[in-house]
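Reading through the structure tokens given below for one structure.
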Amino acid sequence: MTMPDLEHALEALSDRVSSLRAARTAYPSDLAPTLDAALAELGTAAELLAEAGQELRKGPARQGGKKDGSQRELKLLRQVFKAFPVPVIVLDGGGVVRRINGETSRLLGSPDGYLVGRSFPLLVDVSRRAAFRSHLMAVLQTGEPAAFETRLAHQGRTHTVQLALTRLTMPGEPQQMVAAVALPTEVQLPEPGERPELSDGALLLAAAKRQDLLARTGALLLDEEALRQPVALPRTTRMLAAGWADWVVADLVRDGLPRRSIVVAPKDHPLGGLVRHVEASDPACCPLVMQVIEHGSGVVHEMVEDETLFGGCPEGPLLTAMEAGSVLCVPIGPADGALTLVRAHHRPPFTLADLAVMQEVGLQLGLALRAQSSFQSRSRAADALSASVAPRKLPDVPGYEAAAAYHPGASVGAEFYDVFPVAGGWGFALGGAAGKGQEAASVSALVRGGLRVLSVWESDPDVVMRKVNQALVEQGTGMFVMALAGFVRGRTIRLSSAGHHPAALLQPDGGVRFAAGGGVPLGISPMAETGSEELPLPVGETLVLYSEGLISSRNRAGETYGEERLADVLSRCAGQSPSTVVKTVEEDRHAFSEGQVWDEIVVLALRGV
């Protein structure tokens with residue numbers, strides 16, 4: 001066939017293909033005749049390409065003046081290839097795209113030349129890749145053309161196509177090539193909002209979407225619950241899976257090794273099977289994850305060419321099983337782990353802009369996880385300190401019934417209370433260091449422990465209080481502690497006060513009177529000044545001890561709760577159990593301060609029975 005004949009044949013083919021498109025549009029419900037005609041034209045296109053290849057092979061044998069003509073023919077063939085009215089892809093023996101015409105770029109929605117150098121089988125539906133490779137090898141080995149139906153997916157578009165493969169021997173190429181002609185029979189375009197566009201408006205919307213993601217991530221990670229509970233990572237991965245990826249996998253570094261922490265699969269994906277394989281996969285065996293963790297920078301693969309990047313499972317590479325078309329991986333924090341996002345073939349691929357925004361998400365997530373760890377460490381320390389200043393459970397005191405309530409304040413405080421055995425009876429203590437934070441709490445724990453230990457050898461709480469004062473002064477903490485201690489023997493209570501609020505005595509008839517109290521807080525002077533007294537506590541009477549936090553509670557008007565209001569509340573509890581007395585005081589203070597708690601509140605009640 002001469003070049004003019006080839007040109008005329010191509011023009012005629014172009015006209016017939018245009019007619020087929022019009023027929024498909026005019027008769028969408030009756031595609032069978034159009035498909036049959038299209039397959040016939042597909043065969044014609046394959047023959048023309050084969051003949052064009054033969055003409056090219058003849059080119060080098062021409063001599064002299066014919067050489068220039070051969071070059072002109074080669075240029076013409078290239079122009080014809082670019083303008084060919086059906087999608088044509090030239091592949092090498094390994095299935096790598098070597099040439100692609102404009103109609104193919106239009107069909108797949110990719111820029112001209114974008115697919116050159118990439119593996120064409122990656123565009124083929126995962127379930128049909130093996131069949132495609134078999135057809136490709138058969139065409140290369142036998143030279144016989146092959147035509148079959150398959151599915152292609154790229155840039156958010158899915159196509160069912162009739163694919164014709166023809167072997168080519170091209171001048172200047174050391175290996176044989178294959179021309180692939182694709183005739184779409186069914187096209188599924190991206191959902192609204194997902195189709196990649198190049199307009200300024202679309203780019204602006206995409207940028208706004210990324211900024212919105214960063215804002216939502218910040219709000220999510222700064223939430224107080226994200227600090228108190230380990231919810232930052234699950235919330236972030238679920239948010240990303242909802243709008244940015246089909247699969248989201250988080251790997252965190254623990255004891256120097258990456259550990260798989262969270263796997264979020266597509267909503268319609270059944271649990272078990274593949275999900276379990278992804279969860280069980282060791283991230284240390286995932287080259288992509290290890291590269292990101294070791295280098296501290298993110299990686300994006302707009303098209304997955306090496307499907308072993310994310311490890312494997314018994315069925316093969318994980319990315320193959322996940323039907324991955326595009327994958328993105330970014331570090332979590334500076335070196336705390338890696339966050340991997342996977343999109344399927346039918347969705348638009350990740351871009352460099354997506355990589356940039358996900359790197360910021362990974363950085364924020366890393367900071368949140370570190371803040372969470374620090375907060376929880378401090379919280380555990382605070383809980384340990386709280387446990388050191390308050391008993392887990394009140395012991396049974398023979399002849400008496402006891403109840404207590406402890407409410408922590410807005411920060412780590414220093415109030416303590418205790419009930420413990422002493423020689424011939426029982427002892428109790430209540431107090432608090434002046435100040436806040438861990439240092440004040442540790443001083444209170446020291447005083448509480450000192451009172452309990454020294455009570456083993458001393459029979460008088462006043463002597464115990466003075467020795468604790470001496471030890472506190474020697475320690476040089478610079479803090480003072482208001483405290484109240486008492487020993488219960490029989491129906492008599494001996495009290496010792498070091499600047500603490502006096503105990504309240506609730507009588508069976510509702511009368512309320514206060515103990516003498518007095519004294520100077522511990523830790524101020526080596527010569528302790530305490531106030532001591534003895535009180536009888538017959539059956540039916542209740543001794544109530546309370547902290548500074550209760551008395552100093554304020555309402556919206558700035559008024560303090562005070563001992564007068566406490567006495568009024570106690571008078572209404574005549575004849576009630578200690579637990580009822582404590583609960584009533586709690587409820588009244590809560591109503592007075594509208595639920596606000598600034599300082600620790602302690603109430604301890606002891607009733608003769």
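The values are calculated or read from the model by the stated rules, or taken from the named source; none is laboratory data. Small disclaimer: the values here were computed from a predicted structure and weren't measured. Positions of Cβ are backbone-derived with ideal geometry, glycine not excepted, and every protein chain shown enters the neighbour counts. Calculation scope for accessible area: heavy atoms of the full protein, side chains included, ligands and nucleic acids excluded. Shrake-Rupley method; radii C 1.70, N 1.55, O 1.52, S 1.80 Å.
In this structure, is ALA138 touching a residue at least 24 places away in the same chain (Cβ under 8 Å) and either loosely packed, with under 14 Cβ neighbours inside 10 Å or more than 21 Å from GLU302 (Cβ to Cβ) (or both)? So ALA138 does not fit the description; no. Any residue that is touching a Lys or Arg at 6+ places or on another chain (Cβ under 8 Å) and assigned to a loop (DSSP other than H, G, I, E, B) - is there at least one of those in segment 484-504? Among the residues of segment 484-504, not one is touching a Lys or Arg at 6+ places or on another chain (Cβ under 8 Å) and assigned to a loop (DSSP other than H, G, I, E, B), which makes the answer no. Within the set ASP599, ASP509, the sole residue that is crowded, with 20+ Cβ neighbours inside 10 Å and acidic (Asp, Glu) turns out to be ASP599. Selection of segment 314-353 for residues being assigned to a helix (DSSP H, G or I) and open to solvent by 10 Å² or more (accessible area, probe 1.4 Å) yields THR320, ALA321, LEU352, ALA353.
The residues of segment 408-433 that are modelled with pLDDT of 85 or more and open to solvent by 40 Å² or more (accessible area, probe 1.4 Å), listed by number, are PRO421, ALA423, GLY424, TRP426.
Every test in (1) modelled with pLDDT under 90; (2) surrounded by fewer than 24 Cβ atoms within 10 Å (Cβ to Cβ) is passed by LEU365 save one, and that test is (2).
Here GLU302 clears all of (1) under 22 Å from ARG129 (Cα atoms); (2) exposed (fewer than 14 other Cβ atoms within 10 Å of the Cβ); (3) of a type outside the set (A, V, I, L, M) except the condition numbered (2).
For segment 263-285, indicate whether the set of residues that are crowded, with 17+ Cβ neighbours inside 10 Å and assigned to a strand (DSSP E or B) is non-empty. Yes, segment 263-285 has at least one match. On inspection, GLU294 does not qualify as surrounded by fewer than 17 Cβ atoms within 10 Å (Cβ to Cβ), more than 21 Å from HIS345 (Cα to Cα), modelled with pLDDT of 90 or more and touching a strand residue (DSSP E or B) at 6+ places or on another chain (Cβ under 6 Å). Among residues of segment 536-559 that are closer than 21 Å to ARG607 by Cα and at pLDDT 90 or above, those with a Cβ under 7 angstrom from a residue that is polar (S, T, N, Q) and open to solvent by 10 Å² or more (accessible area, probe 1.4 Å), sequence gap 6+ or separate chain, pair up as PRO536/THR492; GLU541/GLN507. Pairs meeting the criteria (first residue in segment 570-585 and touching a residue at least 60 places away in the same chain (Cβ under 8 Å), second residue open to solvent by 10 Å² or more (accessible area, probe 1.4 Å) and part of a loop (DSSP other than H, G, I, E, B), beta carbons under 7 Å, at least 6 apart or on different chains) are SER571/GLY510; ALA574/PRO508; ALA574/ASP509; ALA574/GLY510; GLY575/PRO508.
Somewhere in segment 224-234, is a residue modelled with pLDDT of 90 or more and not hydrophobic (A, V, I, L, M, F, W, C)? No, segment 224-234 has no match at all. Candidates are the residues of segment 461-476 that are open to solvent by 40 Å² or more (accessible area, probe 1.4 Å) and either modelled with pLDDT of 95 or more or not in a loop (DSSP other than H, G, I, E, B) (or both); the one that is farthest from PRO526 (Cα to Cα) is VAL463. Residue pairs whose Cβ atoms lie under 6 Å apart, sitting 6 or more positions apart in sequence or on different chains, and linking a residue in segment 463-480 that is over 13 Å from VAL443 (Cβ atoms) to a partner that is open to solvent by 40 Å² or more (accessible area, probe 1.4 Å), are VAL464/LEU454; VAL464/GLU458; LYS467/LEU454. Within segment 125-147, being in contact with a Gly (Cβ under 9 Å, 6 or more places away or on another chain) and not charged (D, E, K, R) holds for PHE132, LEU136, MET137, LEU140, PRO145, ALA147.
Does LEU535 meet the test of being part of a strand (DSSP E or B), surrounded by 14 or more Cβ atoms within 10 Å (Cβ to Cβ), more than 51 Å from the chain's Cα centre (by Cα) and not small (Gly, Ala, Ser)? Yes. Inspect segment 512-527 for any residue being outside any helix (DSSP H, G or I), crowded, with 20+ Cβ neighbours inside 10 Å, of a type outside the set (Ser, Thr, Tyr) and at pLDDT below 90 and give the result as yes or no. No, segment 512-527 contains no residue that is outside any helix (DSSP H, G or I), crowded, with 20+ Cβ neighbours inside 10 Å, of a type outside the set (Ser, Thr, Tyr) and at pLDDT below 90. Against the test of being modelled with pLDDT under 95, touching a strand residue (DSSP E or B) at 6+ places or on another chain (Cβ under 9 Å) and under 22 Å from PRO408 (Cα atoms), the options VAL585, VAL581, VAL597 yield a single qualifying residue, VAL597.
In segment 341-348 there is at least one residue matching the filter, namely being touching a Phe, Trp or Tyr at 6+ places or on another chain (Cβ under 9 Å) and closer than 20 Å to PRO111 by Cβ.
Find the residue count for segment 545-564, including only residues that are of a type in the set (Ser, Thr, Tyr), part of a loop (DSSP other than H, G, I, E, B) and open to solvent by 20 Å² or more (accessible area, probe 1.4 Å). Step through it out loud before you land on a result.
At the first step, the residues of segment 545-564 found to be of a type in the set (Ser, Thr, Tyr) are 546-547, 552-553, 560-561.
Restricting the remaining residues to those that are part of a loop (DSSP other than H, G, I, E, B) gives 547, 552-553, 561.
Narrowing the set further to residues that are open to solvent by 20 Å² or more (accessible area, probe 1.4 Å) leaves 552.
Count: 1.
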